[in-house]
Every structure is written in C-alpha cells, then in structure tokens.
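A short write-up of the structure that comes next.
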Amino acid sequence: MKIAIIGAGIAGLSAAYFLQKNSGLEIDIYEKDTDIGGLAGTFPFENTYLEKYYHHIFTHDGYCMDLIRELGLTGQVIWKKTKTGYFSGGIRYPFTTPFDLLNFKPLPFLDRIRFGLSSIFISWYKNVGKLETITTEKFIVKVVGKQGWEKIWKPMLIGKFGDNYNKIPAVWIWERIVQRFRSRGSGGKDEVLGYMKGSFRLLYQGISDKILARGGKIHCNSNVQEIIIEKEYCTGVIVNGERKAYDAVICTPALPVLVDLCKTAPENYLEPLRKVNYDCTLVAVLVLEEPLGDIYWLNISDTEIPFAGVIEHTNFIPASEYNGKVVVYLTKYLSPNHELLAMDDAAVINKYYGELQKVYPQFDAKMVERYFVFRDRYAQPIWPMRYSEIKPAYKTPVQGLYVANTSQIYPNDRGMNFSIKLGKEVAEALITNS
Ligand SMILES: Cc1cc2nc3c(=O)[nH]c(=O)nc-3n(C[C@H](O)[C@H](O)[C@H](O)COP(=O)(O)OP(=O)(O)OC[C@H]3O[C@@H](n4cnc5c(N)ncnc54)[C@H](O)[C@@H]3O)c2cc1C
C-alpha cells in the first residue's frame, strides 16, 4: 500500500514514523519548503541551529518525551528554570515566583491574592461543556476580576492570538491551566522548561533519519497542488504539476490549505471547515553583543508596543552555545491584513528598535549585529465556539483521505507535543481502516 503525506512538519513526520513502526507501508512525504520542520523549523546559526520561532517543551509533554526516548535522545534534553516578567505601564516586573505576584504593583493587592488562587479554582472547575460556549475573557473576568484580566491574562492572550484574543473559547484556557497546574504538582513545584542541545532540529531530524532508514522518502520543494478525489475516493496527489497515484493520503497543513487542495471533496464536508480562521505570526530575531536583562520570557502589557513578547533565548540556553552571541526574539501574532505584514524586514526592524528601547532603555540599534525576520501565514487556529461539534475526524468521508492538523489539537494548546499525538493517532486511524 502506498501512502502520500502532505507536509514535513512535526505532524507529517510523526505520522510517517508511526505508520512505518506499525506496518510495512510505502511512504512518500511532500514538503513545499526547502527544508523539513514546518513551524518548528530551524536555520543555521553560529555552528549550530536555532528555531525560526522560539520553542521549548514542558515536563507534561508526554507524547514528545516518549518519542524523544524512542529515538534515544533523552540525554539531549536540557531542563531549566527560567524567569518570566511583565512590562506594564513602562516598568518591567519580575513574574516568576508567588513573591513576584505579591509585589506586582499594576494589580490591586486583593486582586493579586485572587489571581494567585485562581489556578486552584480553575483546576477544580467541572462544567467543562459550558466553557465551549463562552469566551476566555468572560470566564477569566469571572475568576480573577476585571483587573486580573486586563493586567495579566489579556496581554498573554494578545501574545498568543493577536487581535482575535477575545474570541477564544474558554475551554482552551481551562485546558491549558489545568495541564500546567498538574505538571507543577500539588506542592506548587517550580516549573522547568525543556530544550534540546543543538535545537529541536535534533528531534525532527531524528524522526526523519528513522523514516529514511526504513525506506520512506521525503521530498522537499514539492508543492502539493491538488488531492485527487474521484467518485469520493482519494486516488493520489498532484505535486509540482505531476499526477501521482496513492492508496491513501494524509494531509497535515492548516484547514484552509486542505480545503483548497480538496477541490472535488463533498461540499458538506468542506463547509464547516471554512469556519476556522488562522492568525499569522511575525517574529524578529535579533543577534546582540550584550544581554538585555535576565528575563527569558517578558510579556508586553502596553498595547502601543507592536510586539507582544520579548523572549531572550540566551537567558534559557547560554550565549556560550552560540559563540557568545545573545539571541532575542520579538514576537507577534497578527490577523492576515495587519499593516506589519505588508512591511519589508528592514521597515519592521526599524519600527521595533525604538519600541524595544522603551522596554529596555539601554538598548541601542548599534548593539544589533544581525537580524532575521520570519513570517508564517497559518500559525495559530482561531476556533469558533463549540468547535468540538465540527472538529474534523482523522478519517474523512472521502475514502483514503486522512487529515491531521493543528486545528484538531483543540481544546489543547498548539505545540509539538500535540502534533506528535496527531501523527500517532492519524497513523492508527489509517492502519485500522485499511
Ligand atoms: C511563534 C511560534 C512559537 C511556538 N513555540 C512553541 C513552543 O515553544 N513549543 C512547542 O511545542 N510548540 C511551539 N510552537 C508550535 C509548533 O511549532 C507547532 O505546533 C508544530 O510545529 C506544528 O507542526 P505541524 O506539523 O502540525 O504543522 P506545520 O509545522 O505547520 O507543518 C505543516 C507543513 O506542511 C507544509 N505544507 C503546507 N502546504 C503544503 C503543500 N501544499 N504542499 C506540501 N507541503 C505543504 C508546510 O510547509 C509545513 O512544513 C510555536 C509556533 C509558533 C508559530
């Protein structure tokens, strides 16, 4: 049986890995880009690699850790405590420990206590079905109050969903808080974050090496233009203008790409899938000679600043790993028509320099040795309310066509861990149905 997989991101690679592990299927992966990795992709940097978009993992990322173990890479994972902060009203506040929360001046004192207790309340909350029908904003205002929402959660939501921050079903935040709360343990243990020595390229290269060793093929620069559907049977794909026959196809890019590729799928299947929008991401990577501060992840609460977070990667992984260079990511999720997306790299960077100086007054453009700007159109799904009612299954009504994309991670938070889960489960669905 011959299988085509569209996309060599974490989900596509994982799907191939688990298909091969559990069957003797013949597999071709088609990736439109020049390299594998998708949103977790990397670029060469100072004799090693660096993610285009900052990445870390959590101790509760079970699918990811299991796969890392299977690949014999557990020893390559570094776990570390990091510092978090908030920039609010022109001041940087540390926000890592309960003590930091107690001293967080932008919030009235009683609201700080309320905020501190909110994770316990949320983890006890049982009416999860209701959370599919109300927004995160409505739920969080009820739990932490208006100030707690405005000063802490809203900036975080803007950081994650851009202008769509107030449309996200509350079940998403519930799921996220419950997972993080449980992973810290009831004793409120400090959270540690994980990274791989030499970047997460080690993970996806490890998967791809296994795929190739087992006889699978990965074709980069291979843009799939159509999924061929004849009389409700999927019979292959058109890649770079060439028709190729397959017994089954797994499609891993975002839903709008799937809808576009399935030109002849039944309309009643495609119609609900059009209800999911996606934010773009725009991330600038600055390479500096000196550190900005000691915070790894700084949320920006002040809305006039055009980026939502300053992530000083070298406060997590030391600059010595990069020949002493300091790496800073400036991150933002944007609606597709946002003005920043129409600007070229130099214009974005120019705009950002002055704003970064407001956050770190000692910053000077002269400190920047190099910069990179990365963008992706389909970075973050924006699910409608009650998405579980229309969330597509792995197996589609088209015989032989399977889908596994970031929209199906709902209500969980998008991340490599759940893309590995997608890959594993879509492989199981295909094997069970063939
Ligand atoms: C700014 C940012 C920060 C992040 N931080 C973290 C983090 O800290 N930790 C974490 O775990 N996760 C993080 N993530 C999320 C993580 O990167 C993604 O969840 C994961 O990589 C998604 O993998 P995927 O395979 O499901 O999708 P994708 O990576 O989107 O893969 C889809 C692939 O399909 C390809 N493709 C699309 N159309 C076609 C076509 N027509 N033909 C052929 N190929 C096609 C694309 O090029 C892509 O390679 C972050 C993401 C972003 C954007």
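Rule-based calculations on the coordinates, nothing more; no lab input. Treat the numbers as computed from the prediction; the structure is a model and nothing was measured. Because the Cβ atoms are built from the backbone with ideal geometry, glycine has one as well, and the counts that use them run over all protein chains shown.
For this structure, a couple of remarks:
- If you count Lys pairs in the stretch 298-434 whose Cα atoms are under 26 Å apart, skipping same-chain pairs closer than 8 places in sequence, the total is 12.
- Annotation: the antiparallel percentage among DSSP beta bridges lying fully within the chain is about 75.
- Here the stretch 98-189 is treated with +1 on each Lys and Arg Cβ and -1 on each Asp and Glu Cβ, and its dipole about the Cα centre works out to around 180 debye.
- For the pair residue 259 and residue 76 in one chain, pulling the backbone fully straight at 0.36 nm per residue adds 62.0 nm over the alpha carbon distance.
- Backbone amide hydrogens, once placed in the peptide plane, bring residue 33 within less than 5 Å of 221, 222, excluding anything fewer than 5 places away on its chain.
- Projected-area mean, the stretch 304-368, by convex hull of Cα positions, square nanometres: 5.2 nm²
- Relative contact order, percent, the stretch 98-189 [alpha-carbon distance under 8 Å, six or more residues apart]: 34 percent
- Based on Cα contacts under 8 Å between residues 6+ apart, the chain shows a relative contact order of 26 percent.
- For the stretch 323-332, the Karplus equation 6.51 cos²θ - 1.76 cosθ + 1.60, evaluated at θ = phi - 60°, returns couplings of 6, x, 7, 8, 10, 10, 9, 10, 10, 7 Hz by residue, with Gly and Pro reported as x.
- Cα lying deepest toward the dipole's positive end in the stretch 188-331, options 241, 329, 251, charges on Cβ: 241
- Net charge of Cβ neighbours under 14 Å - reference residue 278; Lys, Arg +1; Asp, Glu -1: +3
- Options 221, 390, 283, ranked by Cα towards positive dipole end of the chain, top entry (Cβ charges): 390
- Just so you know, the averaged projected area of the alpha carbon convex hull for the chain sits at 20.7 nm².
- Highest mean packing comes first when the peptides 362-368, 197-203 are listed by Cβ atoms within 10 Å, giving 197-203, 362-368.
- Aspartates and glutamates with Cα under 14 Å of residue 244, excluding same-chain neighbours fewer than 8 positions away: 26, 28, 226, 230
- A straight Cα-to-Cα reach below 16 Å connects residue 83 with the lysines 189, residues fewer than 8 places away in its own chain not being considered.
- Of the trypsin sites (Lys or Arg not before Pro) in the stretch 302-358, those whose Cβ has at most 10 other Cβ within 10 Å and which sit in DSSP loop: none
- The residue among 156, 136, 98 whose Cα reaches farthest toward the positive pole of the charge dipole of the stretch 98-189, with charges on the beta-carbon of Lys, Arg, Asp and Glu, is 98.
- Cα-centre dipole for the stretch 44-112 with unit charges at Cβ (Lys and Arg positive, Asp and Glu negative), debye to 20: 360 debye
- The stretch 1-145 - percent relative contact order, Cα under 8 Å, separation 6 or more: 12 percent
- Here is the list for the stretch 90-187: trypsin sites (Lys or Arg not before Pro) lying in DSSP coil, each with at most 12 other C-beta atoms within 10 angstrom of its C-beta, are 126.
- Coupling constants for the stretch 94-106 follow from the phi torsions by the Karplus curve (6.51 cos²θ - 1.76 cosθ + 1.60, θ = phi - 60°), and in residue order they are x, 8, 10, 10, x, 5, 4, 5, 4, 9, 7, 4, x Hz; glycine and proline get x.
- Whole-angstrom gap from the stretch 266-334 to the stretch 26-89, using each part's C-alpha centre: 14 Å
- Prolate/oblate/rounded call for the stretch 98-189, Cα gyration tensor, a/c under 1.5 rounded: oblate
- Near residue 279, the amide H atoms lying under 5 Å from its own belong to 379, 380, 382; only residues 5 or more places off or on other chains count, and H is placed 1.01 Å from N.
- HN-Hα J in Hz across the stretch 31-36 - Karplus 6.51, -1.76, 1.60, θ = phi - 60°, x for Gly and Pro: 10, 6, 7, 6, 9, 8
- Contour minus Cα-Cα distance for residue 370 and residue 103 (0.36 nm per residue): 92.5 nm
- DSSP-assigned coil residues among GluC sites (Glu not before Pro) in the stretch 1-49, each with at most 14 further Cβ atoms within 10 Å: 46
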